[in-house]
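Here the structure is laid out as structure tokens; the discussion comes afterwards.
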């Protein structure tokens, strides 16, 4: 073995050591996520709530116990960077399935009702976000305000308050057997429309965050490049050869789709935009429809990304929450939760009522659209990476996202109990008001009918 071989071997060993260290850290993260899911089941909450909460709090909890220096020794920067890359890759793959679902949602209820619920669950939350941003500006809180341009800050805060979690809502509806119910279908389809508008507004906010004409032009170029790549992927997937490959080799097709999504996403990130938008564009570009064979491959890609999502929660907790805990005022957190619940809950209820839905359905719609979950965290991460949302504001909005999502199940249980009580009250009154038919009368009617 010559000197060059020894040098190559010496350089290879640290890489192997870091990869093994990162794999061990990822295994610990997945165990933490499993514990969070188990705790959520015990509390009768959706599993994703426990997974998100455990992942977000894991890093700050360790830092609080052993200090920042101890944490850096336990998880050195090179290893943490590998974990961050894995988290971003998992998020990209998961978003491919989410965006594809947004583009191909089926089983839509009446357009009028969906339009009203969409407007009710979108416009008031956007206004509540503007109110939250106005409160921060009026208080002259430099830490919460950050240094982003005012238009980007206002729009990003408004978008963050208006997001609805389609995947979390879908899991809640499935767990409760509400997928085919009127409030379930109405809320889910409205959430798909809301998040589609939300991604567009998020793109605009990040572009505005550049702050100058040159930066905005650079962002537009990145968006155009991503759009061209997504269009090329769509044209390729519409060919007969691609369809045949998907039918015969769904596993290989899933790998190719995932690779294409990561190439577009990281390419856009390299050009100055967030990788999240590249993943969303790729998912939206995948053809849908009843005769499209891509559903299985997309599901595999999204499932693999979903398995890696806990790493995203841990990275978010370490990079954002650990630096924000000491500086986020409680008044900001409380106001974010109150405005979040009021904007989505009341807006969704009023939208459903204006759309012709009865009060019971409207109440459930308001509760369902108030769930923000993972989609909110993705939007917050994009805003934070773009330098638009400060760490204290991200912390307040993370608490708001967890609170509104955790309230969904208990509030639906309360509505179910109230419905049962009302049914029991109505049933005896109905029986008292009914006039019993004497037996002799029945007999006479039967004999008359027989004759």
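Looking at region 25-33, can you tell me whether even one residue there is without any contact (Cβ under 8 Å) to a residue 60 or more places away in the chain, in contact with a helix residue (DSSP H, G or I) (Cβ under 8 Å, 6 or more places away or on another chain) and surrounded by fewer than 21 Cβ atoms within 10 Å (Cβ to Cβ)?
Yes: region 25-33 contains one or more residues that are without any contact (Cβ under 8 Å) to a residue 60 or more places away in the chain, in contact with a helix residue (DSSP H, G or I) (Cβ under 8 Å, 6 or more places away or on another chain) and surrounded by fewer than 21 Cβ atoms within 10 Å (Cβ to Cβ).
Taking the condition of being buried (at least 18 other Cβ atoms within 10 Å of the Cβ) and closer than 20 Å to residue 42 by Cβ, how many residues in region 380-406 meet it?
3
Give the number of residues within region 244-287 that are out of contact with any helix residue (DSSP H, G or I) (no Cβ under 6 Å at 6 or more places or on another chain) and assigned to a loop (DSSP other than H, G, I, E, B).
Of the residues in region 244-287, 1 are out of contact with any helix residue (DSSP H, G or I) (no Cβ under 6 Å at 6 or more places or on another chain) and assigned to a loop (DSSP other than H, G, I, E, B).
Output the residues belonging to region 128-152 that are in a helix (DSSP H, G or I) and out of contact with any helix residue (DSSP H, G or I) (no Cβ under 7 Å at 6 or more places or on another chain).
Within region 128-152, the first condition is being in a helix (DSSP H, G or I), and the residues that meet it are 128-139, 142-145, 150-152.
Of everything in region 128-152, those that are in a helix (DSSP H, G or I) and out of contact with any helix residue (DSSP H, G or I) (no Cβ under 7 Å at 6 or more places or on another chain) turn out to be 134, 138, 139, 142, 150.
Could we say that residue 114 is over 28 Å from residue 390 (Cβ atoms) and surrounded by 19 or more Cβ atoms within 10 Å (Cβ to Cβ) here?
Yes.
Only one residue in 157, 179, 203, 164 is assigned to a loop (DSSP other than H, G, I, E, B) and either over 22 Å from residue 306 (Cα atoms) or free of Cβ contacts under 8 Å to residues at least 60 places away in the same chain (or both), so which one is that?
179
Would you confirm whether or not region 320-330 contains a residue that is in contact with a helix residue (DSSP H, G or I) (Cβ under 7 Å, 6 or more places away or on another chain), in a helix (DSSP H, G or I) and at pLDDT 85 or above?
no
Among the residues of region 1-21, is there at least one that is at pLDDT 80 or above, under 30 Å from residue 167 (Cα atoms) and in contact with a helix residue (DSSP H, G or I) (Cβ under 6 Å, 6 or more places away or on another chain)?
No, that holds for no residue.
Looking at 334, 414, 361, 338, which is the one that is at pLDDT 85 or above and buried (at least 18 other Cβ atoms within 10 Å of the Cβ)?
Just a single option satisfies the conditions, and that option is 361.
Conditions (1) within 25 Å of residue 49 (Cβ to Cβ); (2) buried (at least 24 other Cβ atoms within 10 Å of the Cβ); (3) at pLDDT 80 or above; (4) more than 23 Å from the chain's Cα centre (by Cα), marked per residue:
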{"position": "110", "(1), (2), (3), (4)": "no, no, no, yes"}
{"position": "124", "(1), (2), (3), (4)": "yes, no, yes, no"}
{"position": "129", "(1), (2), (3), (4)": "yes, yes, yes, no"}
{"position": "139", "(1), (2), (3), (4)": "no, no, yes, yes"}
{"position": "147", "(1), (2), (3), (4)": "no, no, yes, yes"}
{"position": "159", "(1), (2), (3), (4)": "yes, yes, yes, no"}
{"position": "169", "(1), (2), (3), (4)": "yes, yes, yes, no"}
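Could you list all residues from region 173-201 that are over 16 Å from the mean Cα position of the chain (by Cα) and either buried (at least 22 other Cβ atoms within 10 Å of the Cβ) or modelled with pLDDT of 80 or more (or both)?
Result: 178, 181, 182, 183, 184, 185, 186.
Starting from residues that are out of contact with any helix residue (DSSP H, G or I) (no Cβ under 7 Å at 6 or more places or on another chain) and under 26 Å from residue 368 (Cα atoms), keep the ones in region 417-450 and report whichever is modelled with the lowest pLDDT.
Once the filter is applied, the top-ranked residue is 423.
The values are calculated or read from the model by the stated rules, or taken from the named source; none is laboratory data. Predicted model, so just to flag it, every value in this text is computed and none were measured. Please note: Cβ atoms are built from the backbone with ideal geometry, for glycine as well, and neighbour counts cover all protein chains shown.
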